[in-house]
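What follows is a set of notes on a single structure, which appears directly below.
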Amino acid sequence: METLNTLVYFLILLVPVTIVGFIVVYGKGIYRQLNLKKMPDNRRIILNSDVKYYIILTEKNKRLFESSVERFLATCKFTGVDTTVTEKDRVLVAASAIIPVFSYPEWEYSVLNEVIIYPDNFNEEFETTGPDRFFRGLVGFGFLEGKLLISRTALYEGFDDFSDARNTCIHEFIHLIDKEDGEVDGIPKALLDKKFLIPWMFIMNKEIRKIKDGKSDIHPYATKNAAEFFSVSCEYFFERPDELKLKHPELYRFMKNIFEQHPTA
Ligand SMILES: [Zn+2]
């Protein structure tokens with residue numbers, strides 16, 4: 001009887017120990033097998049509390065996302081203007097960079113070398129106080145080549161509310177993706193198969209016409225030019241995919257092909 005009890009206790013202990021052991025070994029295995037970079041807990045906490053896109057990923061995809069964020073942060077320089085860059089700034093910018101290219105693990109933003117954080121929206125003179133502070137973010141040209149400027153207010157607002165289909169920082173990274181082929185023209189040749197270039201231009205023109213005619217819920221800023229149409233539509237795709245699919249099915253299909261993502265699934 002004594003021996004039987006000992007055996008039962010042993011088995012009761014063995015099961016959880018085996019499960020925990022499997023999780024530890026398997027977890028390490030994933031990092032090794034996929035050559036993943038490990039994310040520190042303080043950054044993971046920020047992703048878990050602020051990035052809806054990350055929160056709904058499977059556990060395996062969460063590890064992949066974290067690794068991509070770490071790779072981005074390891075190579076990108078951050079500078080604060082009249083402010084100190086925080087860990088939340090870094091993580092939210094990196095999440096904005098990774099969300100559009102999550103299906104392209106080898107992707108690198110070759111046209112970016114520095115992210116500049118402003119404490120708030122800024123004006124043409126890059127001032128964060130006073131009137132006419134219409135700029136929430138921008139991709140630099142000329143003397144600002146290789147730089148992405150972002151207002152912290154806009155960065156945080158983009159992740160606070162997913163229902164508005166607006167996310168300034170994702171918008172700016174879409175311009176950088178567009179720029180990879182040398183032109184910011186709304187045609188992301190780096191991701192779009194050649195055979196879809198003409199159909200994509202056709203869809204863009206059709207959707208821009210609908211916005212101008214007041215028959216679309218896509219933000220009117222998208223009518224400024226094809227590049228802005230692409231960035232604004234992408235914000236919609238990553239923030240309200242269900243609605244985009246319902247109201248603009250052709251556009252949704254193209255976005256799905258370009259980014260190789262199916263966010264409504
Ligand atoms: Zn823009």
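The values are calculated or read from the model by the stated rules, or taken from the named source; none is laboratory data. This one's a predicted model, so the numbers in the text were calculated from it and none came from an experiment. All Cβ positions, glycine included, derive from the backbone under ideal geometry; neighbour counts span all protein chains shown.
The table that follows gives values for the structure above.
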item	result
Those residues of segment 213-231 which are surrounded by 12 or more Cβ atoms within 10 Å (Cβ to Cβ), more than 10 Å from the ligand (Cβ to nearest atom) and among the small types (Gly, Ala, Ser), in sequence order	Ser216, Ala226
Any hit, segment 209-221, residues being touching a Lys or Arg at 6+ places or on another chain (Cβ under 6 Å), outside any strand (DSSP E or B), without any contact (Cβ under 8 Å) to a residue 40 or more places away in the chain and not assigned by TED's automatic domain parsing to the domain that holds Glu127	yes
The listed residue being modelled with pLDDT of 95 or more, out of contact with any strand residue (DSSP E or B) (no Cβ under 8 Å at 6 or more places or on another chain), within 23 Å of Leu251 (Cα to Cα) and among the charged types (D, E, K, R), out of Asp161, Asp178	Asp178
Residue among Met204, Met255 that is touching a residue at least 12 places away in the same chain (Cβ under 8 Å), more than 30 Å from Phe126 (Cα to Cα), outside the structural domain of Leu57 (by TED's automatic domain parsing) and within 16 Å of the ligand (Cβ to nearest atom)	Met204
Residue that is in contact with a helix residue (DSSP H, G or I) (Cβ under 6 Å, 6 or more places away or on another chain) and touching a residue at least 40 places away in the same chain (Cβ under 8 Å), where the choices are Ser68, Ser110, Ser96	Ser96
Some residue of segment 32-39 being at pLDDT below 95 and either assigned to a helix (DSSP H, G or I) or under 19 Å from Phe159 (Cα atoms) (or both)	yes
The one condition in (1) modelled with pLDDT under 95; (2) under 17 Å from Val93 (Cα atoms) that Ile117 fails to fulfil	(1)
Top-ranked residue in segment 157-195 [being part of a loop (DSSP other than H, G, I, E, B) and within 11 Å of the ligand (Cβ to nearest atom); ranked as surrounded by the most Cβ atoms within 10 Å (Cβ to Cβ)]	Val184
Residue within segment 138-155 that is within 18 Å of Lys179 (Cα to Cα) and basic (Lys, Arg) present	yes
So His262, is it surrounded by fewer than 19 Cβ atoms within 10 Å (Cβ to Cβ), within 16 Å of the ligand (Cβ to nearest atom) and either under 20 Å from Ser163 (Cα atoms) or not basic (Lys, Arg) (or both)	no
Only listed residue being in contact with a strand residue (DSSP E or B) (Cβ under 6 Å, 6 or more places away or on another chain), closer than 30 Å to Thr84 by Cβ and of a type outside the set (Ser, Thr, Tyr), chosen from Arg166, Arg133	Arg133
The lone exception for Glu87 - which of (1) buried (at least 16 other Cβ atoms within 10 Å of the Cβ); (2) farther than 18 Å from Phe173 by Cα it fails	(1)
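Conditions (1) crowded, with 18+ Cβ neighbours inside 10 Å; (2) more than 13 Å from the chain's Cα centre (by Cα); (3) not assigned by TED's automatic domain parsing to the domain that holds Asn42, marked per residue:
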| position | (1), (2), (3) |
| --- | --- |
| Val69 | yes, no, no |
| Cys76 | no, yes, no |
| Thr83 | no, yes, no |
| Ser96 | yes, no, no |
| Phe102 | yes, no, no |
| Ser110 | no, yes, no |
| Phe122 | yes, yes, no |
| Glu127 | no, yes, no |
